[in-house]
Structure formats: C-alpha cells, structure tokens
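Step one of this worksheet: look at the structure below.
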Amino acid sequence: MIGAGIVGVTTAFELSRDGHQVTIFERHASVAAETSFANAGVLAPGYVTPWAAPGMPGKVLAGLLQRHSAVRFGTGTAAAAPWLWRFLRACAKPAYLANRTRMQRLAQFSRERMDALTAELQLQFEQSRGYTVLLRTAAELARAQGGISLLRELGVAFELVDAARCRVVEPGLSSDAPLHAAIHLPHDGVGNCRQFAHLMKAHATALGAQFRFGHSMRRITAGAAPTVEFLSASDGGTSKPRSESFDAVVVCAGQASKAALAPLGIRLPLLPVYGYSVTAPLRHVEALPDFGPKSGLMDERYKVAITRLGQRVRVAGSAEIGGRPGVMRPSAISTLYKVLDDWFPGCADMRRAQVWQGARPMLPDGPPVIGPSGAAGVWLNLGHGSSGWALACGSARVLADQLGGRAAAIDIDGLGIERLR
C-alpha cells in the first residue's frame, strides 16, 4: 500500500482484518501527516455533496474576479484550467445528481462503518454529536432551502430552529452576532481525524500490518506481481532505490497519486485545493461553563466550520485553487479568526494557536475513485477531496471487499475509474 493518511490507514486495517499481509509505505514519519492532520473534523453525511453543483460556475467566476466567494484562486490558476473545465461540466444538473447520490450512499455507509468500529474496538478519541449550520439572515435561510430539501429527501434527521432555540443547543454563542435561524443535525457531529487514524494504525499493526515510515515511493510497476520502488529516509539519501514485489498494490497517496500513476498510463484529474485551519486551547472560565462550542458548527455565509475537539477549538475553511504549499493567504486566515470571534469571542487562547494549511486532493466531479486501476495488480482508493474523513471507513471497506473478490455492501456504480475516462 502507498499512503498512510486517514484513507490509507483505514484501508490497511480492513485488509489486515481480512487476512491479507499488508505493508504500507509512507514518506512521512507518522500517519495522518498531511490532509488528515488538522482538518475541520466534521462528520455530517447529509452535507457530503459534490462541489461541482448547479450554481457553482457563478461562484467560480466570482472567485476569478476576486469578489467575495467561497472559492478562491491562487497564482497557479492557469495550470488548473483542464481540471476547471471538467469541474464546470460536472456542474450540470444530471451529472450533479448522479454524483451526489454516489457520495451520499458512500457517506452514510462510512458513518455506519465508523460507528461499528468505534463500538467494537472501544475506540476513545475526541468526538461529539451535534452539527449546526448557522444562518445569519433571512436571505441565507432562503438560499439554504435547496439543502434543506435535500436533507428531507435523504431522510437525514434535522431540525430548523430559530435563534433562541439555536442558543439553547449551543449556549456559548455570542448574543451580539446576528442570527436568524439554524439547521441542527443531532445525529451528525465532529471527531478528531488524526487521533482516529493513530488508533486504527495501532489496530492494523496488531493484526500484522507493517508501516514503513520515511519510505518515499519512486515508481510502481504493474503486472501479475506488481512492484514498488522506494527510497528509505534511514539511508540518508545515499542508497539506491530498492524494489519489492507484492500480490497487489493499493494507492492511497492523495495528491501524490497523480504523479505515481502517470507512468502507468493512468491520467487522474487530481488537483490540490487548499484549505486552512486554526486550532487553539479553550479558555477555562468558572463563571462561564458554556464558554466555546459544544460540538460542531458551520457559518453558512463564510463556509467556515467551528469544531470542539476535547479542550481545544478548531476553525477551518477556504477553498483555494491554484495555491502552493507553504504559501498561506493572510486574508483566509483572517476570515477564520473573524468567524470564531463573531460567534465565540474570547473562547480560545490565541497566543497558543496553531495555523495549518492542507491540500485536499480533489477530483473535478466529487466522488472518489475506488477499485481496480486498469493496470494489472494496481488498485485505487483516492480523490476524496474535502470529504476524506467522512468517507474513509466506508471507502476502506468497499476496497477490501473488491480486492477480496466479494460484492461490496453498497452499490458502487460510478465509483470506479471508468467514470473519469
């Protein structure tokens, strides 16, 4: 296996549980070191939908014209043009509806699988139930009607509440912030993705999985006994690449998968879409027991999530196309601080805040690719974009069933690579 993010780790566990001898190559020193490191932590299957949707072309145009938009563009936008063209085509209603159904089906299954594993393995990680979408004005409520209709259509439990009821659900909300209404989903919630990944790594190891950290994959050779060529960081960069053969190779390497698979003739339209998060310890004020969020919230206007992770608060958002690693956009970080200060002023010790940038490996139409790659012996579980945490457990189980020659527990139509050809 290649990659030990949340998708790779859960896949390693499911394959190990099925009796496979699993070796995982990971270039970093631990699991969940990139996109899974400090994501928003939201687990809300009802809100797992494609970004490519009717109405998005206007938002993309607004981003290109540098007006206020949920989508932003960096200096490398021109290189993303082919991806953007496919993205805009996928915004057509028939394509959107098909991809939405695929993602929703997988998201519901994934949540069920994660809940089952959490109970069975007695996993203890930072998590809480409840997810609330904050609507500042009547106009925002009107624009949210499509999403509300979708929740009804999917049978997702939710409650449309007024401002007073919302402040009962989340008593720490500032009374100064304008709040017209909210959508409360009591059975959804948030969880610490990185903690969960480390727990799954421990259970996979107990089942015999071998994690090789500091091992950079150089090349994959397809065939009846596919090989992985790699370099080990322990060699100090002085040794020649080494190769090992396996019965199958599963690629879960996020954005790095694109370059790894290209020599095999597999041209994946993967694009890094950058997001940011700020995480800080919550303040403890005895006179204010409800200081800070109880669980997870989304500011609908700014598309920014606020989540409670144990004794910390995390605020996360932005969608930057054409950005670069390590080059953070100050205005995006400022928006995160603003949203947190609007709703929970003074709740966190910002002197100890940690700012993070992550690249979501996005396919233009939304769903991931799970299953055989078309190259002999090479399998894929990648392209989950901003929904990797919400889709990981279900994707891992689907891949394990496919590789084992069994029918998946859900309809997997449209999740294969043939969708992108």
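Miscellaneous remarks
- The chain: equivalent-ellipsoid semi-axes (sqrt of 5 x gyration tensor eigenvalues, Cα, Å): 35, 24, 21
- Charge dipole (Cα centre; +1 on Lys/Arg Cβ, -1 on Asp/Glu Cβ; no other charges) of segment 210-330 amounts to roughly 240 debye.
- Per-peptide average of other Cβ atoms within 10 Å, ordering 196-204, 262-270 highest first: 196-204, 262-270
- The dipole here belongs to the chain: it is taken about the Cα centre, uses +1 on the Cβ of Lys and Arg and -1 on the Cβ of Asp and Glu, and is about 1000 debye.
- Of Ala107, Ala164, Ala139, farthest towards positive along the dipole that unit charges on Lys, Arg, Asp, Glu beta carbons give segment 85-169: Ala139
- Judged by the mean number of other Cβ atoms found within 10 Å, the most tightly packed of the peptides 135-142, 47-54, 28-35 leads the ranking 47-54, 28-35, 135-142.
- Coarse-grained scattering of segment 276-421 at q = 0.15 Å⁻¹, given as base-10 log I(q)/I(0) from a Debye sum over alpha-carbon atoms: -0.85
- Top positive-direction residue, dipole computed over the chain with Cβ charges, set Gly3, Ala390, Gly55: Gly55
Laboratory data are not the source of any read-out in this text; all were calculated from the coordinates shown. All values reported here derive from a predicted model rather than from experimental measurement. Neighbour counts run over all protein chains shown; Cβ positions are idealised from the backbone, glycine included.
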